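Below is one structure, written out as structure tokens, with a few remarks after it.
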Amino acid sequence: MAARPTWQGHLKLSLVTCPVALYTATSSSSHVSFHLINPETNNRIRMVPTDPDAGPVERSDLVKGYEVSKDEYVLFDDADFDKVKLESTRTIDIGQFVDEDDIDRLYWDDPFYVVPEKGVGAEAFAVIRDAMKAAGKIAIGCLVLRGRERQIALEVRGKGLVAYSLRPHDEVREANDYFDDIPTVKADKDMVDIATRIIGQKEADFDPSQFKDRYDEALKEMIKAKQKGGKGLVEAPEPDDTNVVDLMAALRASLKGSAGSEKKAPAKKAPAKKPAAKKAPAKKKAA
């Protein structure tokens, strides 16, 4: 397996234990990322740790500090962190099982693939996995990951398990703090009926392969255009706010448009190629 594990330890269910590794289940490597450049020199800017009194310092020489009061810190080095030893540092101990619907979706966070290490532990992993599948429940445990103890939810997926880190309760903001100010409006029944029919016309199977980051793609197109000397401007006008007076008319037009697009929907074709950006005259190099 090419990827490096994010965490290695043991999965434990009562007296059954097996060595496992966690691998990050998602990737953002294809996203456009930028560096800071000095336009005067075209040099990339380097962030150098600097002491106000001593000047630049080596990052490897630094330690972490917790501010207990203004400009007063308690210092920690790697040896201090090693002294904090919890069972969850190296073991995912499954403590309970719950129904998936019992976990509010606000609490679900990053997913990780849980894979057994090669060797005798594979059989113990299979026992835990198959028992979880038979129970039809989500396992709840905890582990120390990236400097924090996190509660996790584990579910069976194929031959392996997927572990989702769960956000702590105090990190999830109360919805009522935001929703209480929404005015109470009784929606018109006819408008709701039309909107419901529009929803019915747009029903589809969930297909994440169709999700595209259009902003990221527009940036990539702009990068190509700039490489060729073009400006690469991308414009997308904002939609007008719906006028309350014309809301019924807008709903009816939407319903009619949705029905028409369904009847006339052609077979899927490969997307048309965009015309190449016009190449700007090459700039003369400074002597």
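The values are calculated or read from the model by the stated rules, or taken from the named source; none is laboratory data. Only a predicted model underlies this, so the values are computations on that prediction, with no experimental measurement involved. No Cβ is skipped: glycine too gets one built from the backbone with ideal geometry, and neighbour counts run over all protein chains shown. Protein only, heavy atoms only, side chains kept; ligands, DNA and RNA dropped before computing areas. Shrake-Rupley method; radii C 1.70, N 1.55, O 1.52, S 1.80 Å.
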Could you count how many residues in the stretch 32-58 are under 24 Å from Asp216 (Cβ atoms) and either surrounded by 10 or more Cβ atoms within 10 Å (Cβ to Cβ) or among the β-branched types (Val, Ile, Thr) (or both)? 3
Number of the condition not met by Ser88 [criteria: (1) out of contact with any helix residue (DSSP H, G or I) (no Cβ under 6 Å at 6 or more places or on another chain); (2) open to solvent by less than 50 Å² (accessible area, probe 1.4 Å); (3) at pLDDT below 90; (4) more than 30 Å from Glu174 (Cα to Cα)]: (4)
Considering only the stretch 55-79, state which residues are farther than 18 Å from Gly147 by Cα, part of a strand (DSSP E or B) and of a type in the set (Asp, Glu). Glu72
Scan the stretch 91-107 for residues that are exposed (fewer than 15 other Cβ atoms within 10 Å of the Cβ) and not in a strand (DSSP E or B) and jot them down. Gly95, Asp99, Glu100, Asp101, Asp102, Asp104, Arg105, Leu106
Basic (Lys, Arg) and within 16 Å of Val162 (Cα to Cα): does that describe Lys133? yes
Please count how many residues of the stretch 185-223 are farther than 25 Å from Ala249 by Cβ, assigned to a loop (DSSP other than H, G, I, E, B) and out of contact with any His (no Cβ under 9 Å at 6 or more places or on another chain). 6
Run Val98 past the list (1) closer than 22 Å to Pro19 by Cβ; (2) touching a residue at least 40 places away in the same chain (Cβ under 8 Å); (3) out of contact with any helix residue (DSSP H, G or I) (no Cβ under 9 Å at 6 or more places or on another chain); (4) of a type in the set (A, V, I, L, M) and report the number of the one that doesn't hold. (1)
Would you call Val120 touching a residue at least 60 places away in the same chain (Cβ under 8 Å), surrounded by fewer than 17 Cβ atoms within 10 Å (Cβ to Cβ) and not hydroxyl-bearing (Ser, Thr, Tyr)? no
Candidates Tyr113, Tyr66 - the one that is of a type in the set (Phe, Trp, Tyr) and either surrounded by 11 or more Cβ atoms within 10 Å (Cβ to Cβ) or in contact (Cβ under 8 Å) with a residue 40 or more places away in the chain (or both): Tyr113
Residues that are under 17 Å from Ala25 (Cβ atoms) and outside any strand (DSSP E or B), drawn from the stretch 108-137: Arg129
Pick from the stretch 124-146, criterion at pLDDT 90 or above and of a type outside the set (A, V, I, L, M, F, W, C), ranking: most open to solvent (accessible area, probe 1.4 Å): Lys133
More than 21 Å from Trp108 (Cα to Cα), crowded, with 16+ Cβ neighbours inside 10 Å and hydrophobic (A, V, I, L, M, F, W, C): does that describe Met191? no
